[in-house]
Amino acid sequence: MTTMSTPIESYALLSNCRTGALVSDAGSIDWLCLPRYDDASIFGALLGDEQHGRWSLRPADPAAAATRRYDGDTFVLVTRWRSAEGVADVIEFMPVDDEADAVVRRVVGIEGTVAFESELLLRFDYARALPWVRQIGDHDAPVLLAIAGPDAVAVRGPRLHPDGTTHRAAFSVSEGQTVDSVLTGDRSYHRHPVAIDVDAALQRTRTWWTDWASRVERGGPWQAALMRSMLVLRALTHPETGGIVAAATTSLPEDPGGSRNWDYRFVWLRDAALTLEAYLAHGYTEAARRWRDWLLRAVAGDPADVQIMYGLGGERDLPERELASLPGYQGSAPVRIGNGAVDQYQGDVIGEVLVALEAARLAGVTETPSSWSLQRALLAQVVEWVDRPDNGIWEMRGDLHHFTHSRAMVWAALDRGVRAVREHGLAGDADTWERLRDRVRSEINETGVDAAGRHFTQHDSTDEVDASLLLLPVVGFCAADDPRMLATVARIERDLLRDGFVMRYRTSAGTDGLPGDEHPFLACSFWLVEQYAATGRVDDATRLMDRLCAVANDVGLLSEEYDPGAGRHIGNTPQALSHLALVGAADALAGHTGRAAHRT
């Protein structure tokens, strides 16, 4: 089967913060799940071809050329099409602060008269369900209604005519004319999805995003990249639950053509905690409170049952399954939904949460009896599991180890518990936590370094280095200019740089238990920027930061990884961790004290 070859960097995101659509620079929406990011797709061409669902809207002239941008600090996408006939804009957005889940595509004539074509293929449930489609409404206000099982979609706009299982429309716009197409989704057992007021929705959506962005604390030479990254983080944060998905997609491959394809549409405690810190560093204390409330709901119960990830609503059951209905991006199979790593023990996760909640205290977020009670329970679990080997931050599917980064985050968890008691006056067993904290530090200093004690190592049974070691100074385990840290950076530069970008680790070492290779991990390169900045290598930091920001696509989005040889984005997109790391690096270079002050 022929599959899509649209480059990942060709996609822009439309979002209402509950879910998001990926629209290519050719005008095709190739990925959309309703009503949440982690629900089933109605457009799945991203992981197959057009027969797996898409909605194309573009000029009829195949030679028409497009440029696009977001409308200021929003997720309103404006694509300007130029053809031999004239010029037209396509304005696309998902209304926010609205009960309806909708995608609006407005075509505005700018010059001349431009003919447009719309092609719609709806495939529900990850392309496993071909919906029942019929026309309702009247001649002047046609509505295409598609239903399959519990799902219903209505499309309003120019009349769509059937062509097999595809529906097509053709229309023209002249200067000053506007033609709207609106897709709305709902449950099939509700009233048919209702029409929306496009003018009001557009104004409301622009205002909502602009107001949110206006509260971001600004500054520094990479302000535009930082702002777009903050907006991406907000787009991935559910407005009701407070959960933060790691990415908008599933199964975009780390190794195209290979099997390293994972579902990232869930809330990793680690990524969510780091997002909380980014929010705090830029003035969003209310977002911190909402995420803390999400955390209380998600991990309620026995702390021994804490997971590394949850659903957007705090769901625990996220079984990993392989889909036969989608062949994968460029044939990269299998396509997975759910994530088997949910059952892993990753020793750093509780530490990430407790570091973030300490940052919240420092930012003035007041503890509640239940929030501190939860942290004490998590600390009790850290004490019980203090010697437990884990799968590590990279979710290794090989043997368990005492990964040095994980051990440092165990240290950080205990350290923040001690601070909560000693510096904030909260009640807890600070003596026990302090004793274990100091013991873990001593063990890392003995077993988390190479035989000569020169540099930190990935885990206690190897001489290999790992990019996560760059985070040790960030959480205060050691100084950035500690001789062992400087030696670790030198080893990372020697062993993990590929065309100047940082790999997570050497896959050839076999630690991850997976076949195939991967590409440089963008977050790791931003971490190296922070390390350079912290040790006075400002020129090196600036050069690398410039290269990394240039990797972002034309609308400022970053995926998980980057192939510098091909100049291609790799992996799920847009990726929260990549944008989080950009924010941290920009803050470090700008001399911003927010994140560093909260972390260490």
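For region 463-480, name all the residues that are in contact (Cβ under 8 Å) with a residue 12 or more places away in the chain, surrounded by fewer than 19 Cβ atoms within 10 Å (Cβ to Cβ) and more than 25 Å from GLY500 (Cβ to Cβ).
The one that is in contact (Cβ under 8 Å) with a residue 12 or more places away in the chain, surrounded by fewer than 19 Cβ atoms within 10 Å (Cβ to Cβ) and more than 25 Å from GLY500 (Cβ to Cβ): GLY476.
Return yes or no: is LEU231 crowded, with 20+ Cβ neighbours inside 10 Å, in contact (Cβ under 8 Å) with a residue 40 or more places away in the chain and out of contact with any Gly (no Cβ under 6 Å at 6 or more places or on another chain)?
On the way: crowded, with 20+ Cβ neighbours inside 10 Å: yes; in contact (Cβ under 8 Å) with a residue 40 or more places away in the chain: yes; out of contact with any Gly (no Cβ under 6 Å at 6 or more places or on another chain): yes.
Against the criterion (crowded, with 20+ Cβ neighbours inside 10 Å, in contact (Cβ under 8 Å) with a residue 40 or more places away in the chain and out of contact with any Gly (no Cβ under 6 Å at 6 or more places or on another chain)), LEU231 qualifies.
Scan region 197-205 and tell me whether some residue there is assigned by TED's automatic domain parsing to the domain that holds GLY149 and under 22 Å from the mean Cα position of the chain (by Cα).
Pass one, region 197-205, residues assigned by TED's automatic domain parsing to the domain that holds GLY149: 197-205.
Cutting the leftovers down to under 22 Å from the mean Cα position of the chain (by Cα) gives us 205.
Among the residues of region 197-205, at least one is assigned by TED's automatic domain parsing to the domain that holds GLY149 and under 22 Å from the mean Cα position of the chain (by Cα), which makes the answer yes.
For region 145-189, list the strands (runs of 3 or more DSSP E) that sit wholly inside it and hold at least 1 residues that are within 17 Å of VAL107 (Cβ to Cβ) and of a type in the set (D, E, K, R); which are they? Before you say what the answer is, go through the steps one by one.
Values: elements: 151-156, 161-163, 166-174, 178-187.
Where strands (runs of 3 or more DSSP E) fall fully within region 145-189 and carry at least 1 residues being within 17 Å of VAL107 (Cβ to Cβ) and of a type in the set (D, E, K, R), they are 151-156, 166-174, 178-187.
Hey, among ALA12, ALA65, which residue is crowded, with 22+ Cβ neighbours inside 10 Å and on the phi < 0 side of the Ramachandran plot?
Details: ALA65 fails: crowded, with 22+ Cβ neighbours inside 10 Å.
After applying the criteria, what remains is ALA12.
Would you tally the residues in region 549-581 being in contact with a strand residue (DSSP E or B) (Cβ under 8 Å, 6 or more places away or on another chain) and either farther than 24 Å from CYS17 by Cα or among the aliphatic types (A, V, I, L, M) (or both)? Write out each step before concluding.
So the first thing to find is which residues in region 549-581 are in contact with a strand residue (DSSP E or B) (Cβ under 8 Å, 6 or more places away or on another chain), and the list is 551, 553-564, 568-576.
Applying the additional criterion that residues be either farther than 24 Å from CYS17 by Cα or among the aliphatic types (A, V, I, L, M) (or both) yields 551, 555, 557-558, 562-564, 568, 570, 576.
Total satisfying the criteria: 10.
What is the one condition in (1) touching a strand residue (DSSP E or B) at 6+ places or on another chain (Cβ under 9 Å); (2) not in a helix (DSSP H, G or I) that ALA341 does not satisfy?
(2)
Residue-wise test of (1) within 30 Å of VAL421 (Cβ to Cβ); (2) crowded, with 24+ Cβ neighbours inside 10 Å.
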site: ASP255; (1), (2): no, no
site: VAL267; (1), (2): yes, yes
site: GLU277; (1), (2): yes, yes
site: GLY283; (1), (2): yes, no
site: VAL299; (1), (2): yes, no
site: ILE308; (1), (2): yes, yes
site: SER325; (1), (2): no, no
site: GLN330; (1), (2): no, no
site: VAL353; (1), (2): yes, yes
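Please name all residue pairs, on different chains or six or more residues apart, with Cβ atoms under 7 Å, provided the first residue is in region 481-499 and is under 23 Å from ARG547 (Cβ atoms) and the second residue is exposed (fewer than 15 other Cβ atoms within 10 Å of the Cβ).
Qualifying pairs under 7 Å: ARG498/PRO564; ASP499/PRO564; ASP499/GLY565.
Can you tell me which residue in region 255-312 is nearest to GLY364 (Cα to Cα), limited to those that are under 19 Å from the mean Cα position of the chain (by Cα), in a helix (DSSP H, G or I) and hydroxyl-bearing (Ser, Thr, Tyr)?
The residue in question is TYR279.
In region 186-199, which residue that is exposed (fewer than 15 other Cβ atoms within 10 Å of the Cβ) and not hydrophobic (A, V, I, L, M, F, W, C) is modelled with the highest pLDDT?
Filtering region 186-199 for residues that are exposed (fewer than 15 other Cβ atoms within 10 Å of the Cβ) and not hydrophobic (A, V, I, L, M, F, W, C), the one modelled with the highest pLDDT comes out as ASP199.
Determine if region 384-403 includes at least one residue that is within 24 Å of LEU469 (Cβ to Cβ) and assigned to a helix (DSSP H, G or I).
Kept after step one, since they are within 24 Å of LEU469 (Cβ to Cβ), are these residues of region 384-403: 385-403.
Checking which are assigned to a helix (DSSP H, G or I) leaves us with none.
Looking for residues that are within 24 Å of LEU469 (Cβ to Cβ) and assigned to a helix (DSSP H, G or I), one finds none in region 384-403, hence no.
Residue-wise test of (1) under 26 Å from the mean Cα position of the chain (by Cα); (2) under 18 Å from TRP268 (Cα atoms); (3) of a type outside the set (Ser, Thr, Tyr).
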residue: ALA360; (1), (2), (3): yes, no, yes
residue: GLY364; (1), (2), (3): no, no, yes
residue: SER370; (1), (2), (3): no, no, no
residue: ARG376; (1), (2), (3): no, no, yes
residue: ALA380; (1), (2), (3): no, no, yes
residue: VAL383; (1), (2), (3): no, no, yes
residue: ASN391; (1), (2), (3): yes, yes, yes
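For region 445-453, check the following and say yes or no: at least one residue is free of Cβ contacts under 8 Å to residues at least 60 places away in the same chain, under 26 Å from ARG494 (Cβ atoms) and either buried (at least 22 other Cβ atoms within 10 Å of the Cβ) or aromatic (Phe, Trp, Tyr) (or both).
For region 445-453, residues free of Cβ contacts under 8 Å to residues at least 60 places away in the same chain, under 26 Å from ARG494 (Cβ atoms) and either buried (at least 22 other Cβ atoms within 10 Å of the Cβ) or aromatic (Phe, Trp, Tyr) (or both): present.
Note down all Cβ pairs under 8 Å where the first residue falls in region 261-287 and is on the phi > 0 side of the Ramachandran plot, the second is modelled with pLDDT under 90 and among the hydrophobic types (A, V, I, L, M, F, W, C), and they're at least six residues apart or on different chains.
GLY283/VAL216
From LEU160, LEU183, LEU202, which residue is surrounded by 23 or more Cβ atoms within 10 Å (Cβ to Cβ) and either out of contact with any Gly (no Cβ under 7 Å at 6 or more places or on another chain) or at positive phi (or both)?
Answer to the selection: LEU183.
Restricting attention to strands (runs of 3 or more DSSP E) lying wholly within region 1-87, give those where 3 or more residues are of a type outside the set (Lys, Arg) and not assigned by TED's automatic domain parsing to the domain that holds HIS161. Walk me through it before giving the result.
Numbers: elements: 11-15, 20-24, 28-33, 41-43, 54-59, 65-70, 77-82.
Qualifying strands (runs of 3 or more DSSP E): none found.
When you go through VAL108, VAL143 one by one, which is the residue that is crowded, with 20+ Cβ neighbours inside 10 Å and among the hydrophobic types (A, V, I, L, M, F, W, C)? Full working, then the answer.
On the way: VAL108 fails: crowded, with 20+ Cβ neighbours inside 10 Å.
Only one candidate passes the filter, namely VAL143.
For region 471-484, how many residues meet the condition of being in a helix (DSSP H, G or I) and more than 29 Å from the chain's Cα centre (by Cα)?
Taking region 471-484 and keeping what is in a helix (DSSP H, G or I), we get 471, 483-484.
Subsequent filtering for residues that are more than 29 Å from the chain's Cα centre (by Cα) retains 483-484.
Matching residues across region 471-484 total 2.
Only one of (1) exposed (fewer than 14 other Cβ atoms within 10 Å of the Cβ); (2) closer than 23 Å to LEU378 by Cβ fails for GLY428. Which number is that?
Unmet for GLY428, out of (1) exposed (fewer than 14 other Cβ atoms within 10 Å of the Cβ); (2) closer than 23 Å to LEU378 by Cβ: (1).
Pick out, from region 498-600, the helices (runs of 4 or more DSSP H) lying fully within it that include 2 or more residues that are at pLDDT below 95 and out of contact with any Pro (no Cβ under 7 Å at 6 or more places or on another chain). Talk me through it step by step, then tell me what you get.
On the way: elements: 522-534, 538-551, 576-589, 594-599.
Per the criteria, 576-589, 594-599.
Can you go through GLY338, GLY347, GLY283, GLY331 and tell me which one is in the same structural domain as ALA590 (by TED's automatic domain parsing), within 18 Å of GLY243 (Cβ to Cβ) and not β-branched (Val, Ile, Thr)?
Numbers: GLY347 fails: within 18 Å of GLY243 (Cβ to Cβ); GLY283 fails: within 18 Å of GLY243 (Cβ to Cβ); GLY331 fails: within 18 Å of GLY243 (Cβ to Cβ).
Among GLY338, GLY347, GLY283, GLY331, only GLY338 is in the same structural domain as ALA590 (by TED's automatic domain parsing), within 18 Å of GLY243 (Cβ to Cβ) and not β-branched (Val, Ile, Thr).
The values are calculated or read from the model by the stated rules, or taken from the named source; none is laboratory data. All of these numbers come straight from a predicted model, not from anything done at the bench. Reconstructed Cβ throughout: ideal geometry from the backbone, glycine too, with neighbour counts over all protein chains shown.
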